[in-house]
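The structure under discussion is supplied below as structure tokens; questions concerning it will follow.
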Amino acid sequence: MSEEKEETLFHVLPIYDEPEKRRDVPESPDASSQPEHHAWSQLGEMCGPPEQPLGSPRQHGPAYQQMTCASPQQQAPQALDGSELPATWLSKAESEDAAFGFSPPPGAEFGEPCPSPGPSEEVLSFLRAIPPVPDDVVVRQRAPHKSWKVGRLRHGKKVYAVAISGSTHHVYTCGHGYIRVWDESALHAWDQAPQAQLNFQDRDSCVFTCKLFPDERSLITGGLSQSLTLWDLVPTPRVRAQLASTGSVCYSLALSSNAQICVASFKGFVEIWDLQNQILIRKHEVPIYGSRCVDITGNKFWTGGEDTKLYSWDLRSYQRLQQHDLRHEILSITHDPSEEWLLVGLRMSDIVIVHTHRKEKFKAVLQKYAYHHNLKFASCGSFLVATMNETIRCIAAPSLHKLFQVEESAHILCCDISSDNQYVVTGSKNSASVYQLLY
């Protein structure tokens, strides 16, 4: 399928839980209608304008609250060019939120008029008195416009997990039997030897997942092993601790923002660890086919997998909070830097965007079967990287404008973005590819 044809199939769709909100999806992606404009205006309200990406801090005053009362016609964006993602409506994705007692506040339903009155003359006078801010002093989060493949790291075996540090630009490629460490000079080379190789005591062990700590001085790995491994990375990489797990295969790891809590997913359960004291807090049962992926946002953790359902759980009471039926197998879960939005990668390459506190969901639709689907948000919050089979897509947030696309020669098994937003690293069958982002 050509890139142009793929573009026409990539829609942004609001998802509704209530039956009365169901609407038919137009057959033609080029059809323009009032609901399409309203869908984009709702997405703009919830995600913010492109200059204010997902994950960036926001403070809304009375003026903003009054401006959000504008009609859908006033809020409708300009006509999209060929590189942006056309909008339309989505029929309801079956969800069981209502079973858990959630109901939207009065006036929060899509399409209902805003109950707040219009701005008073006093407010308008105040706004008119504010001088305009020159463009050259406005600080905006940048997003890359293209990438440059600068190197290849020859791991020697399948790279199931990868991590890259933003401070030192060290890369850690993980797989069967060992982890290889690459320094910054190797990123711009094609056949350079690794700086170090960390061999596992059990040569049959294999790392399927890894997480770099926020300070980038530690790493935790899990996979085909009877334990999770904590690594100290400075001054030289070494094992700090082995955390004996109750499962034989760890599929996914999630760290809290302060790196004190780790959730590890196994078949049918998760383990919740206190990393500071290296203590297993709880082994918690989850649906047996809903435990492939895991993520943490605030006081919640999220799981999903083959049963097509996304679950959220309270980290304090361990009660299930929400359940969303996404209709396709879940292959990856990640969140934006603010932990306000959750992104879910599906088997059909769709990306579902879920608000972590409010009942708001959107879906970016591609409808292309994916064997592997990885999502990673940039720390700046202005873009994310989605890898689907051999394809790398860099997508702006929150507009979901496609920034660029790159094709690899083999299926991509994993990816990571450096915390300084300068490099993307992908892992495949026997090596890792390094891309420098150009702004």
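Given the options 363, 359, name the one that is modelled with pLDDT under 95, part of a loop (DSSP other than H, G, I, E, B) and more than 18 Å from residue 251 (Cβ to Cβ).
359
Sticking with this one: In contact (Cβ under 8 Å) with a residue 60 or more places away in the chain, β-branched (Val, Ile, Thr) and either open to solvent by less than 10 Å² (accessible area, probe 1.4 Å) or over 23 Å from residue 331 (Cα atoms) (or both): does that describe residue 234? Write out each step before concluding.
Details: in contact (Cβ under 8 Å) with a residue 60 or more places away in the chain: no; β-branched (Val, Ile, Thr): yes; either open to solvent by less than 10 Å² (accessible area, probe 1.4 Å) or over 23 Å from residue 331 (Cα atoms) (or both): yes.
So residue 234 fails the test.
Within the bounds of segment 173-186, is there any residue that is out of contact with any His (no Cβ under 8 Å at 6 or more places or on another chain), assigned to a loop (DSSP other than H, G, I, E, B), more than 18 Å from residue 264 (Cβ to Cβ) and open to solvent by 30 Å² or more (accessible area, probe 1.4 Å)?
no
Would you point out which residue out of 279, 330 is of a type in the set (A, V, I, L, M, F, W, C) and either in contact (Cβ under 8 Å) with a residue 60 or more places away in the chain or open to solvent by 40 Å² or more (accessible area, probe 1.4 Å) (or both)? If you could, list the steps in order and put the result at the bottom.
Working: 330 fails: either in contact (Cβ under 8 Å) with a residue 60 or more places away in the chain or open to solvent by 40 Å² or more (accessible area, probe 1.4 Å) (or both).
When all the criteria are applied, what remains is 279.
Here's a check for you: in segment 142-161, which residue that is open to solvent by 50 Å² or more (accessible area, probe 1.4 Å) and touching a Cys at 6+ places or on another chain (Cβ under 8 Å) is farthest from residue 194 (Cα to Cα)?
Within segment 142-161, the subset open to solvent by 50 Å² or more (accessible area, probe 1.4 Å) is 142, 145-146, 148-149, 154, 156-158, 160.
Now narrow it down to the ones that are touching a Cys at 6+ places or on another chain (Cβ under 8 Å): 142, 160.
Values: 142: 32, 160: 17 Å.
Looking at the filtered set, the residue picked out is 142.
Next question, about the same structure. Would you mind stating whether residue 263 is farther than 18 Å from residue 218 by Cβ, surrounded by 14 or more Cβ atoms within 10 Å (Cβ to Cβ) and either without any contact (Cβ under 8 Å) to a residue 60 or more places away in the chain or in contact with a Leu (Cβ under 8 Å, 6 or more places away or on another chain) (or both)? If you could, list the steps in order and put the result at the bottom.
Details: farther than 18 Å from residue 218 by Cβ: no; surrounded by 14 or more Cβ atoms within 10 Å (Cβ to Cβ): yes; either without any contact (Cβ under 8 Å) to a residue 60 or more places away in the chain or in contact with a Leu (Cβ under 8 Å, 6 or more places away or on another chain) (or both): yes.
Judged against the criteria, residue 263 is not a match.
Another question, then. Report those strands (runs of 3 or more DSSP E) wholly inside segment 222-335 carrying at least 2 residues which are within 25 Å of residue 361 (Cα to Cα) and either touching a Lys or Arg at 6+ places or on another chain (Cβ under 9 Å) or among the polar types (S, T, N, Q) (or both). Step through it out loud before you land on a result.
Values: elements: 227-232, 238-244, 252-255, 261-266, 269-274, 279-285, 293-297, 300-304, 309-314, 320-325, 330-335.
Output list reads 252-255, 300-304, 309-314, 320-325, 330-335.
Quick one: which of 359, 429, 376 is open to solvent by 30 Å² or more (accessible area, probe 1.4 Å) and farther than 28 Å from residue 309 by Cβ?
Working: 359 fails: farther than 28 Å from residue 309 by Cβ; 376 fails: farther than 28 Å from residue 309 by Cβ.
Sole residue among the options that is open to solvent by 30 Å² or more (accessible area, probe 1.4 Å) and farther than 28 Å from residue 309 by Cβ: 429.
Right, next: Looking at 386, 378, 396, which one is within 23 Å of residue 433 (Cα to Cα), among the hydrophobic types (A, V, I, L, M, F, W, C) and at pLDDT below 95?
On the way: 386 fails: at pLDDT below 95; 378 fails: at pLDDT below 95.
The unique qualifying residue is 396.
Inspect all residues belonging to segment 357-369 and state whether any of them is basic (Lys, Arg), under 12 Å from the mean Cα position of the chain (by Cα) and closer than 20 Å to residue 328 by Cα. Working first, answer last.
Start the filter on segment 357-369 by keeping residues that are basic (Lys, Arg), which leaves 358-359, 361, 363, 368.
If we keep only those that are under 12 Å from the mean Cα position of the chain (by Cα) too, we end up with none.
Within segment 357-369, none of the residues are basic (Lys, Arg), under 12 Å from the mean Cα position of the chain (by Cα) and closer than 20 Å to residue 328 by Cα.
Oh, and also: Which of (1) surrounded by fewer than 16 Cβ atoms within 10 Å (Cβ to Cβ); (2) touching a residue at least 60 places away in the same chain (Cβ under 8 Å) is the odd one out, the single condition residue 246 does not satisfy?
(2)
Among the residues of segment 197-220, count how many are over 19 Å from residue 419 (Cα atoms) and crowded, with 23+ Cβ neighbours inside 10 Å. Talk me through it step by step, then tell me what you get.
Of all residues in segment 197-220, those over 19 Å from residue 419 (Cα atoms) come to 197-208.
Restricting the remaining residues to those that are crowded, with 23+ Cβ neighbours inside 10 Å gives 207.
Here the count works out to 1.
The values are calculated or read from the model by the stated rules, or taken from the named source; none is laboratory data. What you see is a predicted model; the values in this text were computed from it and never measured. Don't worry about glycine lacking a Cβ; one is built from the backbone with ideal geometry, like all the others, and counts go over all protein chains shown. Side chains are part of the model used for accessible areas, which takes the heavy atoms of the whole protein and leaves out ligands, DNA and RNA. Shrake-Rupley method; radii C 1.70, N 1.55, O 1.52, S 1.80 Å.
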